[in-house]
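In what follows, a structure is listed as structure tokens, so that the remarks can point back to it.
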Amino acid sequence: MKKLIRNIRYFSPETGKPQIGNMLLSEGTIEGFTKETHLEDTQAIEGKQQWLLPGFIDMHVHFREPGGEEKETLETGSRAALAGGFTTVVCMPNTQPVPDHAEAVEDLLKKTQNLPCQVLLMGSISKGLAGVEKSNFELYRHPRFVGVTDDGRPVSSARVLMEAMDKAKKENLIVGLHCEDESLMFDRSINQGKISRKLNLQGVPVMAEALMIHRDLYLAEKLNSPLHIQHVSTAESVRLIGEAKAKGVPVTCEAAPHHFSLTEETILTRGSMAKMSPPLRTEMDVKSVRQGLKDGTIDVIATDHAPHLESDKTEDLVQSANGIVGLETAFAVGVTYLMDYKILNLQELVERMSTRPAQLLGLNTKGTLKPGMDADLVLVDLDRRWTVDREAFFSKGRNTPYHAMGLRGKVTTTIVGGEIRYNGEEGLFLL
Ligand code: DOR
């Protein structure tokens with residue numbers, strides 16, 4: 001049956017202007033907009049004057065299955081995605097086993113077939129993420145594999161990376177890079193700077209990220225092969241990538257919500273809940289990441305959703321696991337720290353969370369509200385202020401630095417392929 005989402009605010013896909021109206025869905029796709037509020041043989045969904053946006057797309061999540069199901073499964077991760085307004089996510093390969101052999105790849109493809117949101121995959125650049133030998137990318141000849149990455153670790157060997165870039169280009173796979181020079185990651189705890197000095201930690205310097213980005217931009221230029229730089233965290237990185245883009249180097253990049261909202265000082269109040277790789281940086285870095293998102297140097301927002309057990313997030317910053325969950329707070333962090341700071345407007349935020357990721361991933365039927373597109377949609381109450389309660393997360397992970405913080409903007413309904421999959425009013429998943 002056709003569906004009519006009534007009384008919504010939306011940006012006209014033709015003019016970009018805000019409108020109030022109704023959207024008609026048919027067989028999992030957007031049929032178009034209409035002035036009619038009652039149509040025969042249609043099921044009505046009340047929009048209540050909320051904004052209807054294309055579903056968010058996250059290029060960077062860790063769902064831990066297989067091997068780390070106690071932290072997150074593909075199912076619990078998908079629910080967290082839906083609760084955060086994400087209709088498509090891309091899982092990183094740092095699982096156990098790594099999907100670098102036929103059996104593991106087949107298993108993963110089977111497990112990701114029927115999930116409540118669209119789950120796409122990245123294979124590994126190197127076997128076992130060890131950085132020594134390139135994985136066999138022919139394993140990734142399946143539409144659900146969109147790229148390769150060793151995320152969590154840099155690819156230290158230039159030879160392995162060059163081989164990977166060459167093969168990935170032929171196989172039409174994105175090459176995602178975690179840019180940190182391993183020899184400068186030291187105790188892998190926090191930013192090297194005034195807070196690390198105060199805490200007597202060595203920390204990770206800005207240079208660790210800059211050195212790898214220098215090398216990788218050089219390779220992208222010389223080989224004329226595209227690279228995607230993951231979780232950009234410093235002003236220096238934004239500057240380097242901006243300069244490369246201006247020269248026409250084929251590079252894209254992403255930033256995580258924590259890198260445009262929190263500084264290294266958060267460690268002092270939130271401890272290891274504010275520890276991730278790359279680490280939170282300074283106020284100046286945060287401002288540069290915001291500016292990069294505004295001017296397009298940074299293409300997309302990606303959460304780096306990284307669930308860990310309570311017991312892995314120890315008081316000892318050096319021993320504690322890296323990473324925080326992000327799917328259920330990303331949109332509100334964007335509204336609060338980008339819109340309320342007058343960096344982006346809603347349309348620009350949607351561009352970074354949906355339209356541009358769809359383009360980078362080659363998802364031609366997603367990321368906009370044009371007729372004919374997949375009905376992957378999210379309704380948001382932009383004005384709703386709420387307090388983050390980590391116990392209410394649908395993710396298994398409770399590791400967030402935003403717990404008890406006030407944010408603006410709440411996802412209320414998530415629709416995948418024309419079906420309501422999450423109804424926030426009732427806290428219900430309709431799977
Ligand atoms: O903080 C992080 N956690 N950064 C990464 O790159 C990997 C991730 C993880 O898998 O926990």
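Below, the figures for the structure above:
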item	result
Matching residues, the range 271-316, being away from the ligand (no atom under 15 Å from the Cβ), among the acidic types (Asp, Glu) and surrounded by 24 or more Cβ atoms within 10 Å (Cβ to Cβ)	285, 299
Residue in the range 227-247 that is open to solvent by 20 Å² or more (accessible area, probe 1.4 Å), farther than 23 Å from residue 58 by Cα and within 14 Å of the ligand (Cβ to nearest atom) present	no
Within the range 189-216, considering residues that are of a type outside the set (Gly, Ala, Ser) and under 17 Å from residue 150 (Cα atoms), the one surrounded by the fewest Cβ atoms within 10 Å (Cβ to Cβ)	215
Residue within the range 341-362 that is open to solvent by 20 Å² or more (accessible area, probe 1.4 Å) and within 14 Å of the ligand (Cβ to nearest atom) present	no
Residue list for the range 273-298, filter: touching a residue at least 60 places away in the same chain (Cβ under 8 Å) and polar (S, T, N, Q)	277, 282
The range 137-157 - residue that is open to solvent by less than 70 Å² (accessible area, probe 1.4 Å) and farther than 19 Å from residue 179 by Cβ and, of those, farthest from the ligand (Cβ to nearest atom)	142
Inter-residue pairs, beta-carbon under 7 Å, first closer than 16 Å to residue 266 by Cα and in the range 299-321, second more than 14 Å from the ligand (Cβ to nearest atom) and hydroxyl-bearing (Ser, Thr, Tyr), 6+ apart	320/314
Matching residues in the range 381-416 - criterion: being farther than 17 Å from residue 80 by Cα, surrounded by fewer than 17 Cβ atoms within 10 Å (Cβ to Cβ) and within 21 Å of the chain's Cα centre (by Cα)	382
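The values are calculated or read from the model by the stated rules, or taken from the named source; none is laboratory data. Remember, predicted model here, so these are calculated numbers, not experimental data. Every residue, glycine as well, gets a Cβ built from its backbone with ideal geometry; the counts of neighbours run over all protein chains shown. Quick note on the areas: whole protein, heavy atoms, side chains included, nothing else; ligands and nucleic acids left out. Shrake-Rupley method; radii C 1.70, N 1.55, O 1.52, S 1.80 Å.
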